[in-house]
Amino acid sequence: MIPFPVILSSPSGGGKTTIARALLNQRRDVGYSVSCTTRQPREGEVDGVDYFFLTPDEFALAADRGEFAEWAVVHGQRYGTLKREVERVLSSGRHVIMDIDVQGARQLADAFPSSALIFLVPPSAEVLVARLRNRRSEGPEALIRRLETAVEELKAVSMYHYMVTNDRLDVAVARVSSIIDAEAVSRGRRDQSAEAEVGALIEQLQLEIRKQQEIG
Ligand code: ADP
Ligand code: 5GP
(Lines give C-alpha, C1' and ligand atoms only; values in the text may rest on other atoms or scores of the structure.)
(Ligands and ions follow the chains in the order given, each with its own letter.)
Protein backbone atom coordinates (compact mmCIF):
# COMPACT_ATOMS: atom_id res chain seq x y z
CA MET A 1 0.00 0.00 0.00
CA ILE A 2 1.38 3.38 -1.01
CA PRO A 3 0.23 6.03 1.50
CA PHE A 4 -1.13 9.33 0.21
CA PRO A 5 -2.28 12.72 1.55
CA VAL A 6 -5.99 13.04 2.41
CA ILE A 7 -6.94 16.70 2.27
CA LEU A 8 -10.02 17.82 4.20
CA SER A 9 -11.37 21.29 3.45
CA SER A 10 -14.64 22.98 4.38
CA PRO A 11 -15.96 26.31 5.53
CA SER A 12 -14.93 27.07 9.10
CA GLY A 13 -17.13 24.97 11.40
CA GLY A 14 -17.70 22.36 8.67
CA GLY A 15 -16.27 19.60 10.84
CA LYS A 16 -12.68 19.07 9.55
CA THR A 17 -11.09 18.87 12.99
CA THR A 18 -13.85 16.66 14.43
CA ILE A 19 -13.79 14.23 11.49
CA ALA A 20 -9.97 14.11 11.37
CA ARG A 21 -9.89 13.27 15.11
CA ALA A 22 -12.49 10.52 14.71
CA LEU A 23 -10.50 8.95 11.85
CA LEU A 24 -7.28 9.08 13.86
CA ASN A 25 -9.06 7.25 16.69
CA GLN A 26 -10.58 4.63 14.39
CA ARG A 27 -7.77 3.85 11.98
CA ARG A 28 -4.16 2.89 12.59
CA ASP A 29 -3.23 3.54 8.97
CA VAL A 30 -3.69 7.31 9.17
CA GLY A 31 -1.63 10.04 10.81
CA TYR A 32 -2.07 13.78 11.18
CA SER A 33 0.13 16.53 9.83
CA VAL A 34 0.38 19.23 12.51
CA SER A 35 0.19 22.65 10.82
CA CYS A 36 1.82 25.92 11.83
CA THR A 37 -0.25 29.01 12.54
CA THR A 38 0.20 32.55 13.77
CA ARG A 39 -3.25 32.59 15.42
CA GLN A 40 -3.64 32.36 19.19
CA PRO A 41 -4.32 28.93 20.72
CA ARG A 42 -7.96 28.24 21.66
CA GLU A 43 -8.76 26.95 25.10
CA GLY A 44 -7.53 23.37 25.37
CA GLU A 45 -5.32 23.51 22.25
CA VAL A 46 -1.80 22.20 22.78
CA ASP A 47 1.33 23.44 20.96
CA GLY A 48 2.77 20.65 18.80
CA VAL A 49 -0.47 18.64 18.95
CA ASP A 50 -3.21 20.85 17.48
CA TYR A 51 -0.84 23.31 15.81
CA PHE A 52 2.68 24.61 16.12
CA PHE A 53 1.84 28.13 17.33
CA LEU A 54 4.42 30.51 15.83
CA THR A 55 4.97 34.26 16.05
CA PRO A 56 4.71 36.11 12.70
CA ASP A 57 8.54 36.37 12.66
CA GLU A 58 9.03 32.67 13.29
CA PHE A 59 6.52 31.89 10.55
CA ALA A 60 8.26 34.21 8.06
CA LEU A 61 11.63 32.61 8.85
CA ALA A 62 10.29 29.10 8.25
CA ALA A 63 8.75 30.29 4.95
CA ASP A 64 12.06 31.88 3.87
CA ARG A 65 13.88 28.64 4.63
CA GLY A 66 11.47 26.78 2.32
CA GLU A 67 10.14 24.60 5.14
CA PHE A 68 6.50 24.75 3.98
CA ALA A 69 4.87 22.44 1.43
CA GLU A 70 2.20 25.17 1.25
CA TRP A 71 1.07 28.15 3.23
CA ALA A 72 -1.74 30.69 3.03
CA VAL A 73 -3.35 33.61 4.82
CA VAL A 74 -6.72 32.47 6.18
CA HIS A 75 -9.06 34.74 8.16
CA GLY A 76 -6.17 37.23 8.46
CA GLN A 77 -3.70 34.73 10.00
CA ARG A 78 -0.98 32.61 8.42
CA TYR A 79 -1.31 28.85 8.27
CA GLY A 80 1.15 26.40 6.72
CA THR A 81 1.96 22.72 6.26
CA LEU A 82 5.55 21.72 7.02
CA LYS A 83 7.18 19.46 4.41
CA ARG A 84 8.75 17.46 7.22
CA GLU A 85 5.34 16.78 8.84
CA VAL A 86 3.94 15.33 5.60
CA GLU A 87 7.08 13.21 5.09
CA ARG A 88 7.09 12.06 8.74
CA VAL A 89 3.63 10.51 8.39
CA LEU A 90 4.01 9.16 4.84
CA SER A 91 7.37 7.55 5.64
CA SER A 92 5.75 5.75 8.59
CA GLY A 93 3.48 4.08 6.01
CA ARG A 94 0.34 5.97 7.00
CA HIS A 95 -1.98 8.19 4.97
CA VAL A 96 -1.59 11.78 6.08
CA ILE A 97 -4.79 13.63 7.00
CA MET A 98 -4.60 17.36 6.50
CA ASP A 99 -7.09 19.99 7.56
CA ILE A 100 -6.31 22.87 5.20
CA ASP A 101 -8.08 25.71 3.43
CA VAL A 102 -8.82 25.77 -0.31
CA GLN A 103 -5.76 27.86 -1.25
CA GLY A 104 -3.48 25.42 0.58
CA ALA A 105 -5.29 22.42 -0.90
CA ARG A 106 -4.54 23.70 -4.41
CA GLN A 107 -0.83 24.12 -3.63
CA LEU A 108 -0.59 20.78 -1.87
CA ALA A 109 -2.32 18.88 -4.67
CA ASP A 110 0.32 20.33 -7.04
CA ALA A 111 3.18 19.29 -4.73
CA PHE A 112 1.63 15.84 -4.01
CA PRO A 113 -0.45 14.84 -7.07
CA SER A 114 -1.50 11.59 -5.38
CA SER A 115 -3.58 13.58 -2.83
CA ALA A 116 -7.26 12.72 -2.32
CA LEU A 117 -9.21 15.97 -2.03
CA ILE A 118 -12.37 15.87 0.11
CA PHE A 119 -14.69 18.81 0.67
CA LEU A 120 -17.01 18.72 3.70
CA VAL A 121 -20.26 20.69 3.53
CA PRO A 122 -22.70 21.43 6.35
CA PRO A 123 -26.31 20.27 5.86
CA SER A 124 -27.48 23.93 5.84
CA ALA A 125 -26.28 27.48 6.50
CA GLU A 126 -28.36 27.56 9.68
CA VAL A 127 -26.65 24.44 11.06
CA LEU A 128 -23.22 25.85 10.16
CA VAL A 129 -23.87 29.07 12.08
CA ALA A 130 -25.28 27.12 15.04
CA ARG A 131 -22.20 24.84 15.18
CA LEU A 132 -19.82 27.79 14.96
CA ARG A 133 -21.70 29.66 17.69
CA ASN A 134 -21.74 26.55 19.86
CA ARG A 135 -17.98 26.12 19.50
CA ARG A 136 -17.61 29.55 21.13
CA SER A 137 -14.13 29.96 19.64
CA GLU A 138 -14.72 33.34 17.98
CA GLY A 139 -16.30 36.64 18.91
CA PRO A 140 -19.15 38.06 16.75
CA GLU A 141 -16.79 39.92 14.36
CA ALA A 142 -14.48 36.95 13.76
CA LEU A 143 -17.56 34.78 13.29
CA ILE A 144 -18.88 37.03 10.51
CA ARG A 145 -15.43 37.04 8.89
CA ARG A 146 -15.42 33.23 8.88
CA LEU A 147 -18.90 33.14 7.32
CA GLU A 148 -17.81 35.58 4.61
CA THR A 149 -14.79 33.40 3.85
CA ALA A 150 -17.15 30.38 3.78
CA VAL A 151 -19.01 31.87 0.82
CA GLU A 152 -15.75 32.09 -1.16
CA GLU A 153 -14.57 28.64 -0.07
CA LEU A 154 -17.82 26.95 -1.14
CA LYS A 155 -17.21 28.25 -4.67
CA ALA A 156 -14.04 26.10 -4.89
CA VAL A 157 -15.88 22.80 -4.50
CA SER A 158 -15.31 21.71 -8.13
CA MET A 159 -11.59 21.40 -7.43
CA TYR A 160 -12.26 18.49 -5.03
CA HIS A 161 -12.59 14.80 -5.90
CA TYR A 162 -15.27 14.14 -3.24
CA MET A 163 -17.97 16.07 -1.41
CA VAL A 164 -19.30 14.74 1.90
CA THR A 165 -22.22 16.30 3.78
CA ASN A 166 -21.49 16.45 7.49
CA ASP A 167 -24.99 15.96 8.87
CA ARG A 168 -24.77 12.99 11.22
CA LEU A 169 -21.19 12.76 12.40
CA ASP A 170 -20.91 8.95 12.39
CA VAL A 171 -22.19 8.81 8.79
CA ALA A 172 -19.78 11.51 7.61
CA VAL A 173 -16.82 9.80 9.31
CA ALA A 174 -17.78 6.45 7.74
CA ARG A 175 -17.99 8.09 4.29
CA VAL A 176 -14.56 9.67 4.55
CA SER A 177 -13.17 6.37 5.80
CA SER A 178 -14.70 4.54 2.79
CA ILE A 179 -13.18 7.11 0.45
CA ILE A 180 -9.72 6.39 1.90
CA ASP A 181 -10.25 2.63 1.42
CA ALA A 182 -11.50 3.03 -2.14
CA GLU A 183 -8.69 5.44 -3.07
CA ALA A 184 -6.08 3.02 -1.69
CA VAL A 185 -7.13 0.34 -4.20
CA SER A 186 -8.06 2.62 -7.10
CA ARG A 187 -6.50 1.63 -10.42
CA GLY A 188 -4.67 4.93 -10.79
CA ARG A 189 -2.81 4.34 -7.53
CA ARG A 190 -2.25 0.65 -8.15
CA ASP A 191 -0.59 1.52 -11.48
CA GLN A 192 2.32 2.90 -9.48
CA SER A 193 2.98 -0.41 -7.78
CA ALA A 194 1.44 -2.71 -10.39
CA GLU A 195 4.69 -3.44 -12.25
CA ALA A 196 6.48 -4.53 -9.08
CA GLU A 197 3.53 -6.64 -7.92
CA VAL A 198 3.03 -8.28 -11.30
CA GLY A 199 6.79 -8.79 -11.68
CA ALA A 200 6.87 -10.86 -8.49
CA LEU A 201 3.87 -12.86 -9.65
CA ILE A 202 5.52 -13.59 -13.02
CA GLU A 203 8.64 -14.93 -11.26
CA GLN A 204 6.50 -17.19 -9.04
CA LEU A 205 4.56 -18.44 -12.06
CA GLN A 206 7.75 -19.27 -13.96
CA LEU A 207 8.93 -21.32 -10.96
CA GLU A 208 5.59 -23.12 -10.90
CA ILE A 209 5.83 -23.87 -14.64
CA ARG A 210 9.30 -25.37 -14.17
CA LYS A 211 8.00 -27.48 -11.26
CA GLN A 212 5.09 -28.71 -13.33
CA GLN A 213 7.45 -29.57 -16.23
CA GLU A 214 9.72 -31.57 -13.88
CA ILE A 215 6.72 -33.50 -12.53
CA GLY A 216 5.34 -34.05 -16.01
P1 ADP B 1 -13.70 22.92 11.51
O2 ADP B 1 -12.48 22.19 12.00
O3 ADP B 1 -14.07 22.56 10.11
O4 ADP B 1 -13.66 24.41 11.70
P5 ADP B 1 -14.99 21.65 13.79
O6 ADP B 1 -14.58 20.23 13.64
O7 ADP B 1 -14.30 22.48 14.85
O8 ADP B 1 -14.96 22.41 12.39
O9 ADP B 1 -16.58 21.65 14.04
C10 ADP B 1 -17.26 22.85 14.41
C11 ADP B 1 -18.21 22.53 15.58
O12 ADP B 1 -19.27 21.71 15.13
C13 ADP B 1 -17.51 21.81 16.73
O14 ADP B 1 -18.00 22.31 17.95
C15 ADP B 1 -17.94 20.35 16.53
O16 ADP B 1 -18.02 19.67 17.76
C17 ADP B 1 -19.31 20.49 15.89
N18 ADP B 1 -19.64 19.43 14.92
C19 ADP B 1 -18.87 18.97 13.90
N20 ADP B 1 -19.51 18.03 13.18
C21 ADP B 1 -20.73 17.88 13.77
C22 ADP B 1 -21.87 17.03 13.49
N23 ADP B 1 -21.90 16.18 12.46
N24 ADP B 1 -22.93 17.15 14.30
C25 ADP B 1 -22.94 18.03 15.32
N26 ADP B 1 -21.91 18.85 15.65
C27 ADP B 1 -20.82 18.78 14.87
P1 5GP C 1 -8.80 27.21 12.53
O2 5GP C 1 -8.25 28.56 12.92
O3 5GP C 1 -10.30 27.15 12.66
O4 5GP C 1 -8.10 26.07 13.20
O5 5GP C 1 -8.50 27.04 10.97
C6 5GP C 1 -8.89 28.05 10.08
C7 5GP C 1 -8.66 27.62 8.65
O8 5GP C 1 -7.27 27.43 8.41
C9 5GP C 1 -9.36 26.31 8.26
O10 5GP C 1 -9.97 26.51 6.98
C11 5GP C 1 -8.23 25.35 8.17
O12 5GP C 1 -8.52 24.32 7.23
C13 5GP C 1 -7.12 26.22 7.69
N14 5GP C 1 -5.80 25.62 7.94
C15 5GP C 1 -5.39 24.95 9.03
N16 5GP C 1 -4.14 24.51 8.87
C17 5GP C 1 -3.75 24.91 7.64
C18 5GP C 1 -2.55 24.76 6.88
O19 5GP C 1 -1.57 24.15 7.30
N20 5GP C 1 -2.52 25.34 5.66
C21 5GP C 1 -3.58 26.01 5.14
N22 5GP C 1 -3.44 26.52 3.93
N23 5GP C 1 -4.72 26.19 5.81
C24 5GP C 1 -4.81 25.63 7.05
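The values are calculated or read from the model by the stated rules, or taken from the named source; none is laboratory data. Remember, it's a predicted structure, so these values are computed and weren't measured experimentally. All Cβ positions, glycine included, derive from the backbone under ideal geometry; neighbour counts span all protein chains shown.
Please pick out the residue among 185, 198, 157, 173 that is of a type outside the set (Asp, Glu) and touching a helix residue (DSSP H, G or I) at 6+ places or on another chain (Cβ under 7 Å).
The conditions single out 173.
I'm trying to understand the selection: among the residues of region 85-135, which are among the hydroxyl-bearing types (Ser, Thr, Tyr), under 14 Å from the mean Cα position of the chain (by Cα) and farther than 20 Å from residue 72 by Cβ?
Within region 85-135, 114 is the sole residue that qualifies.
Yes or no, residue by residue, for (1) surrounded by fewer than 18 Cβ atoms within 10 Å (Cβ to Cβ); (2) more than 16 Å from residue 156 (Cβ to Cβ); (3) away from ligand 1 (no atom under 16 Å from the Cβ):
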| site | (1), (2), (3) |
| --- | --- |
| 55 | yes, yes, yes |
| 64 | yes, yes, yes |
| 72 | no, no, no |
| 77 | yes, yes, no |
| 93 | yes, yes, yes |
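Just the residues that are assigned to a helix (DSSP H, G or I), touching a residue at least 24 places away in the same chain (Cβ under 8 Å) and either among the β-branched types (Val, Ile, Thr) or away from ligand 2 (no atom under 16 Å from the Cβ) (or both), please, taken from region 152-169.
157, 169
Return the residues of region 102-149 that are of a type in the set (Asp, Glu) and touching a helix residue (DSSP H, G or I) at 6+ places or on another chain (Cβ under 7 Å); say none if nothing qualifies.
Answer for region 102-149, where residues must be of a type in the set (Asp, Glu) and touching a helix residue (DSSP H, G or I) at 6+ places or on another chain (Cβ under 7 Å): just 138.
Given the condition under 23 Å from residue 100 (Cβ atoms), at pLDDT 90 or above and in a helix (DSSP H, G or I), answer yes or no: does some residue in region 183-195 qualify?
Narrowing region 183-195 to residues under 23 Å from residue 100 (Cβ atoms): 183-184, 186, 188-189.
Those still in the list that are at pLDDT 90 or above too: 183-184.
Adding the requirement that they be in a helix (DSSP H, G or I) leaves 183-184.
Looking for residues that are under 23 Å from residue 100 (Cβ atoms), at pLDDT 90 or above and in a helix (DSSP H, G or I), one finds at least one in region 183-195, hence yes.
Sort out which residues of region 1-44 are within 17 Å of residue 132 (Cβ to Cβ) and among the β-branched types (Val, Ile, Thr), and write them in order of number.
Answer for region 1-44, where residues must be within 17 Å of residue 132 (Cβ to Cβ) and among the β-branched types (Val, Ile, Thr): 17, 18, 19.
Given the conditions (1) away from ligand 1 (no atom under 14 Å from the Cβ); (2) within 11 Å of the chain's Cα centre (by Cα); (3) of a type in the set (Ser, Thr, Tyr); (4) surrounded by fewer than 18 Cβ atoms within 10 Å (Cβ to Cβ), which single one is not true for residue 81?
Among (1) away from ligand 1 (no atom under 14 Å from the Cβ); (2) within 11 Å of the chain's Cα centre (by Cα); (3) of a type in the set (Ser, Thr, Tyr); (4) surrounded by fewer than 18 Cβ atoms within 10 Å (Cβ to Cβ), residue 81 violates only (4).
Anything in region 67-101 that is under 26 Å from residue 141 (Cα atoms) and within 8 Å of ligand 2 (Cβ to nearest atom)? List them, or say none.
71, 72, 74, 75, 77, 79, 80, 99, 100, 101, listed by residue number.
Out of 123, 113, I need the residue that is more than 10 Å from ligand 2 (Cβ to nearest atom), free of Cβ contacts under 8 Å to residues at least 60 places away in the same chain and over 22 Å from residue 21 (Cα atoms). Which one?
Among 123, 113, only 113 is more than 10 Å from ligand 2 (Cβ to nearest atom), free of Cβ contacts under 8 Å to residues at least 60 places away in the same chain and over 22 Å from residue 21 (Cα atoms).
Would you tally the residues in region 8-56 being touching a His at 6+ places or on another chain (Cβ under 9 Å) and either within 12 Å of ligand 2 (Cβ to nearest atom) or among the polar types (S, T, N, Q) (or both)?
Within region 8-56, residues that are touching a His at 6+ places or on another chain (Cβ under 9 Å) and either within 12 Å of ligand 2 (Cβ to nearest atom) or among the polar types (S, T, N, Q) (or both) number 2.
Consider residue 132 carefully, then state whether it is under 22 Å from residue 165 (Cβ atoms), within 14 Å of ligand 2 (Cβ to nearest atom) and in a helix (DSSP H, G or I). Reasoning before the result, please.
Values: under 22 Å from residue 165 (Cβ atoms): yes; within 14 Å of ligand 2 (Cβ to nearest atom): yes; in a helix (DSSP H, G or I): yes.
Here the answer is yes, as residue 132 does meet what is asked.
Checking residue 134 against (1) crowded, with 16+ Cβ neighbours inside 10 Å; (2) of a type outside the set (A, V, I, L, M, F, W, C); (3) farther than 27 Å from residue 107 by Cα, which test does it fail?
It is condition (1) that residue 134 fails.
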